[in-house]
């Protein structure tokens, strides 16, 4: 995970959805037992080309649930399915504006301003970037320095973002994450911190 991983979890919980964080090398049996309605792959400082870089367990895709890859999570997903990732000429860290040029369940109607196409003000933090999307994915947003800022496979409900929706610098980030967990993953949004206490008590009783 990255410096932002805890923030992703916080944003999801603020949307009223229960979530737990796991390392990338979580056992397949635990993935299958958790019963997730959706998965978010977080960012991180690694490159997919590093020898010991985190790889995505195929079991996550075998769940047949929506998956959102953020920054490194997007790159790892692209690499997993045969896309191409390479180092950026310039490491991006800071505010950027993406232009949304395609339609998707995730981003349709979400914008900060409109000039020919929808524009979103986002926060970038990456050294690598996807330069070729895998088969089945479409590019729906870009910046001048990052031609593939968002990739989607609507059939599978797989989404990749090269920016960070969990930080406040991405102005519509909470709207985007809320749409992913509520509309795309079909989570109810009724979870509260008190719920987890009740759940843990029940789990302890069963042991």
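The values are calculated or read from the model by the stated rules, or taken from the named source; none is laboratory data. Note that this is a predicted model, so its numbers are computed, not measured. Positions of Cβ are backbone-derived with ideal geometry, glycine not excepted, and every protein chain shown enters the neighbour counts.
Test residue 147 against the stated conditions and say whether it is surrounded by fewer than 19 Cβ atoms within 10 Å (Cβ to Cβ) and in contact with a helix residue (DSSP H, G or I) (Cβ under 8 Å, 6 or more places away or on another chain). Criteria not met by residue 147. Evaluated against (1) surrounded by 14 or more Cβ atoms within 10 Å (Cβ to Cβ); (2) modelled with pLDDT of 95 or more, residue 113 falls short on exactly one condition, (1).
Condition check: under 18 Å from the mean Cα position of the chain (by Cα), more than 13 Å from residue 146 (Cα to Cα) and without any contact (Cβ under 8 Å) to a residue 60 or more places away in the chain. Does residue 80 satisfy that? Taking the combined requirement at face value, the residue satisfies it. Residues that are out of contact with any strand residue (DSSP E or B) (no Cβ under 6 Å at 6 or more places or on another chain), in contact (Cβ under 8 Å) with a residue 24 or more places away in the chain and more than 27 Å from residue 45 (Cβ to Cβ) are absent from segment 90-97 altogether. Would you confirm whether or not segment 158-178 contains a residue that is farther than 24 Å from residue 4 by Cα, out of contact with any helix residue (DSSP H, G or I) (no Cβ under 9 Å at 6 or more places or on another chain), surrounded by 15 or more Cβ atoms within 10 Å (Cβ to Cβ) and at pLDDT 95 or above? Within segment 158-178 (the criterion being farther than 24 Å from residue 4 by Cα, out of contact with any helix residue (DSSP H, G or I) (no Cβ under 9 Å at 6 or more places or on another chain), surrounded by 15 or more Cβ atoms within 10 Å (Cβ to Cβ) and at pLDDT 95 or above), the answer is no, since none of the residues qualifies.
Take the conditions in contact with a strand residue (DSSP E or B) (Cβ under 7 Å, 6 or more places away or on another chain), under 28 Å from residue 13 (Cβ atoms) and at pLDDT below 95 and apply them to residue 127. Does it pass? The answer is no for residue 127. Restricting the search to segment 41-65, which residues are within 14 Å of residue 161 (Cα to Cα) and touching a residue at least 40 places away in the same chain (Cβ under 8 Å)? The answer is 42, 43, 44. Residues of segment 116-123 include at least one that is closer than 15 Å to residue 170 by Cβ, assigned to a strand (DSSP E or B) and over 18 Å from the mean Cα position of the chain (by Cα). In the condition set (1) farther than 17 Å from residue 179 by Cα; (2) surrounded by 15 or more Cβ atoms within 10 Å (Cβ to Cβ), residue 104 is compliant with all but (1).
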